[in-house]
Amino acid sequence: MDSSGEHVTRRNPYLILGVSFGVDSNVANKAFARASRAARRGDSRYSTEDLTWALHQVEHAATNPNSLLDHFRVPANPSVYMDDLETTLTPAATIYPRRTDPGPCPRAAAERVLVERTVAWFLDDGRELPGPYGISTITGQERPRWFSRRWEEPRGDSLDAWGAATYYFETGEDGRPTRQVETYDAGPALRYGPGHEDDEYGGLGQARLDEYEDWTPWSISREAFEAVWGAVD
């Protein structure tokens, strides 16, 4: 710790005494005397204890200093290593202009590849991504999906005699129905899709199915939907 109470970050005895690496004991003692007087006047960042330690280290190394690996070998002027100075040994950083196209962020590109491979693996295996990590969450879009849901409530119009119905939906990238089939217990079946969006009995749904609730429990395969779609004229 130096005389101001701060920790000395570079515990190098040669820097503390202000001498060159490898000096003999006589030079080290003269430097110690000068530094001690400065410390007593309050003109040194080092305390007397720091200087005494440094002198002890240099005296013990004086016999064969070139064999030591403990300390940096520094010039007598310690200012060349000061952090707040620009010197030959501590030059300022030079910023060069970029000469290549930065291109996409490597990390972002790698994450995108990982996401695409994960999604492809789930889709090839015929499964939905688990939990909150749905297709739309990861890729920003939804693939077509198919659902089947039973409604026990009557239509609420003049066709209540048809009874309860099972609805089949295909949804597009925006989550809205693109094709729809309604099969009623009394026998009638209705089909809506491209080229036939509505008729006197009803029409293709316009709202997202999952706008107010998660429809995952009613998911079916594409094959199951196509079988029903193909059976209704």
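Read-outs: derived from the displayed coordinates by stated rules, not from any lab. Since this is a predicted model, take the numbers as computed values, not measurements. As a convention, Cβ positions derive from the backbone with ideal geometry for all residues, glycine included, and neighbour counts pool all protein chains shown.
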key: Sequence-distant residues sharing a close amide H with Gly203 (under 5 Å, placed H)   = none
ask   = Classify segment 185-233: rounded, prolate or oblate, from the alpha-carbon gyration tensor (a ≥ b ≥ c, eigenvalue square roots; a/c under 1.5 rounded; otherwise prolate if a/b is larger than b/c)?
value = oblate
request  = Mind giving me the FRET efficiency for His56 and Thr94? R0 is 45 Å, r the Cβ-Cβ distance, nearest 0.05 is fine.
outcome  = 0.65
note = By the Cα gyration tensor axes a ≥ b ≥ c (a/c under 1.5 gives rounded; else a/b larger than b/c gives prolate, otherwise oblate), the shape of segment 147-233 is rounded
ask   = Taking the Cβ-Cβ separation of Glu197 and Glu116 as r and a Förster radius of 35 Å, what is the calculated FRET efficiency to the nearest 0.05?
value = 0.55
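What does the charge count near Tyr167 come to, summing +1 for each Lys or Arg and -1 for each Asp or Glu among other residues with Cβ under 11 Å from its Cβ?
Taking every other residue near Tyr167 into account, the sum is +1.
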task = Using packing as a proxy for protection, rank 218-226, 15-23 so that the peptide with the highest average count of other Cβ atoms within 10 Å comes first.
result = 15-23, 218-226
